[in-house]
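Below: the structure, in C-alpha cells.
The values are calculated or read from the model by the stated rules, or taken from the named source; none is laboratory data. All figures in this text were calculated on a predicted structure; none of them were measured in a lab. Quick reminder, even Gly has a Cβ in these numbers, built from the backbone with ideal geometry, and neighbours come from all protein chains shown.
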Amino acid sequence: MLVQESLERAHKDEFNAVVTINGFAQKQAQELSSKGVEPFPFAVKDVIYTKGIRTTMGSRLFQDFVPSFDATVVATLKRAGGVLIGKTNTHELASGATTTSSIFGPTKNPLDASRIAGGSSGGSAAAVSSGIVEFALGTDTAGSVRIPAALCGVYGLKPTNGLLSNKGVFPLAPTFDTVGFISSNLNWLKRLKKLLPAFSKLSSTPRKPKIAVPSWVYWWDKAPASYSKTVEEVVLSFEKLLDARSIEWSKVEMPLAEALVWSRFGAIRYAEATHVHLERKQRWSECFPDVRRLLERGLTVLATEYLDALFARKRVYSEFKRVITQFDVLATPTVSIPAPKIEEVLGNEDGDVRSVLTHNTVYASYIGVPALSIPTLKVEGLPVGVQLIADKFDELKLLEIASLF
C-alpha cells in the first residue's frame, strides 16, 4: 500500500480509528524514496511515543502530551522504511477491552459500525480492518491486541514478554505489558523477521502440528448467565472448525491454570496499574468512570496477594511446559463472544463484558508466552478468532501453524 493512499483513507476514516494524522508523512515517504528505500505506511496506538506527535493515552490526563522521542519499536520500523500515518484510538490508559472510554469517543467496528472494535488497541484494529493501513502497532497486557484483532476480523500477535523493548511505551501493568502487532494478512507479520532485529534471531521447524485445547476453554457454566449460551456456542463452533480443517487436536486438562490464573491475574494487573498512576491520584476524578474504578480497585490489593500472584505464575508456567512438550501449541477461540453493540457496553465497560472478552486471552499474558489471533472463526456471522499459544520465543512457529487455518 502506498503512503499517499493510506493518508487519503485516514482522512476519510468513518470509524474513529485514527485520532491524530502525521502531517509530515508524505514528505517523509518522499525522502525515503529518494534514498532508494521503499516506504511502507503504518499506524501506532496512542500510548506509544511518537516524536513530535501528540500521544494522549486517550485521557484528559495526557491530552496535550507530545513526546520528545520515538518509542524503540517505532524508531526501528522507521529505520526499515516505515512511515507513520497517524495515532490510533485507545481505551483510556489502555485500561479496557472495548475502546469506548476515550477522549476521542468510541471506536466503531468496521464490520458493523454499531458494534465495538474491542480494546484497548481498538483503533489499530479498526484502522487495519477498514483498510487505512495493512499493519499497525498496539500493546497487549491482558489481550489488548488479540481481542480487537479478533472482533475486527484481522490478525493480532502478542510476542513473548521481554522480546521487544517497551521503552517509550506508556505502561499499564509492566509485568504483562508488551508491544503487539495487528495486520490484515499473515505475510505482513512474517515480515517482522526482516524488520525487527529481535525477530531475526527466532527460528522454527515446520511440521504437522499437534494441538492441545485447554480445559479452561470449556467455562460456559462459570460465565455470566447472560453470556453462557454464546460462550458454549463459540467453543462448539471452534471444535467443528478444527475437525473441518483435519487438524489433530486433543483436549488437555490444566487444573493449575483453572485454579490460579483468573483468581491471581487481577492482583498484579490492578496493583501495578494503580502504582503507575499513583502520583496523579488527585486527578483520577478526570478519568472515565470505568477506568477510575479500576485504579481505585488497585488500592485494595494487599502486598501478600500481589506476591502470591507473582509466585503462582511460575507454577502455571510449569504446568504449561509439561503440556507443550507433548504438543506444538494450545488453541482456543480468541474471544468467547462476538463484538457487542456499543450502546450495550457504554457505562458497563468494567462489568461482565470485560471478563468475558478477556477470559481466553489473559492466560498467555499471565505466563508471558506469545499468542496469535487468526481471523478464521465466526459465530452469528461475526468474527471471534482462533488463538494459538506457543512457548516463549516461538513466534515463528505460531505464524507457520496459522497458515493451516
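Worth pointing out:
- Of all residues making up segment 111-131, the number that are under 17 Å from Thr334 (Cβ atoms) and in contact with a Ser or Thr (Cβ under 9 Å, 6 or more places away or on another chain): 13
- Enumeration of residues in segment 276-311 that are basic (Lys, Arg), under 16 Å from Gly58 (Cα atoms) and without any contact (Cβ under 8 Å) to a residue 60 or more places away in the chain: Arg292
- Some residue of segment 371-383 being closer than 25 Å to Trp220 by Cα, crowded, with 21+ Cβ neighbours inside 10 Å and β-branched (Val, Ile, Thr): yes
- Count - residues of segment 192-208 that are assigned to a loop (DSSP other than H, G, I, E, B) and crowded, with 18+ Cβ neighbours inside 10 Å: 2
- Residue check for Gly385: closer than 19 Å to Gly180 by Cα and in contact with a Ser or Thr (Cβ under 6 Å, 6 or more places away or on another chain): yes
- Number of the condition not met by Lys222 [criteria: (1) at pLDDT 95 or above; (2) part of a helix (DSSP H, G or I)]: (2)
- Within segment 250-261, restricting attention to residues that are touching a helix residue (DSSP H, G or I) at 6+ places or on another chain (Cβ under 7 Å) and among the hydrophobic types (A, V, I, L, M, F, W, C), the residue that is surrounded by the fewest Cβ atoms within 10 Å (Cβ to Cβ) is Leu256.
- Residue identified as touching a residue at least 60 places away in the same chain (Cβ under 8 Å) and in contact with a strand residue (DSSP E or B) (Cβ under 6 Å, 6 or more places away or on another chain) among Phe69, Phe42: Phe42
- Of the helices (runs of 4 or more DSSP H) contained entirely in segment 81-191, those carrying at least 3 residues that are surrounded by 24 or more Cβ atoms within 10 Å (Cβ to Cβ) fall at 122-129, 146-152.
- Verdict on Leu186 being of a type outside the set (Asp, Glu), touching a residue at least 24 places away in the same chain (Cβ under 8 Å) and within 30 Å of Ala75 (Cβ to Cβ): yes
- Residues of segment 7-20 that turn out to be more than 25 Å from Gly180 (Cβ to Cβ) and assigned to a loop (DSSP other than H, G, I, E, B), as a count: 1
- For Val323, the test of being of a type outside the set (S, T, N, Q) and farther than 23 Å from Thr98 by Cβ is passed.
- Leading residue by the ranking (surrounded by the fewest Cβ atoms within 10 Å (Cβ to Cβ)) among those in segment 63-80 that are touching a Phe, Trp or Tyr at 6+ places or on another chain (Cβ under 8 Å) and not small (Gly, Ala, Ser): Phe69
- Output for segment 160-178, where each listed residue is in contact with a strand residue (DSSP E or B) (Cβ under 6 Å, 6 or more places away or on another chain) and under 19 Å from Asp394 (Cβ atoms): Asn161, Leu164, Thr178
- Scanning segment 21-56 for residues that are crowded, with 20+ Cβ neighbours inside 10 Å and assigned to a strand (DSSP E or B) turns up Phe40, Pro41, Phe42, Ala43, Val44, Lys45, Ile48, Thr50, Ile53.
- Scanning segment 273-323 for residues that are buried (at least 16 other Cβ atoms within 10 Å of the Cβ) and of a type in the set (Ser, Thr, Tyr) yields Thr274, Tyr306, Tyr317.
- Some residue of segment 142-152 being over 14 Å from the mean Cα position of the chain (by Cα) and basic (Lys, Arg): no
- The residues of segment 287-304 that are among the aliphatic types (A, V, I, L, M) and within 12 Å of Glu92 (Cα to Cα), listed by number, are Val291, Leu294, Leu295.
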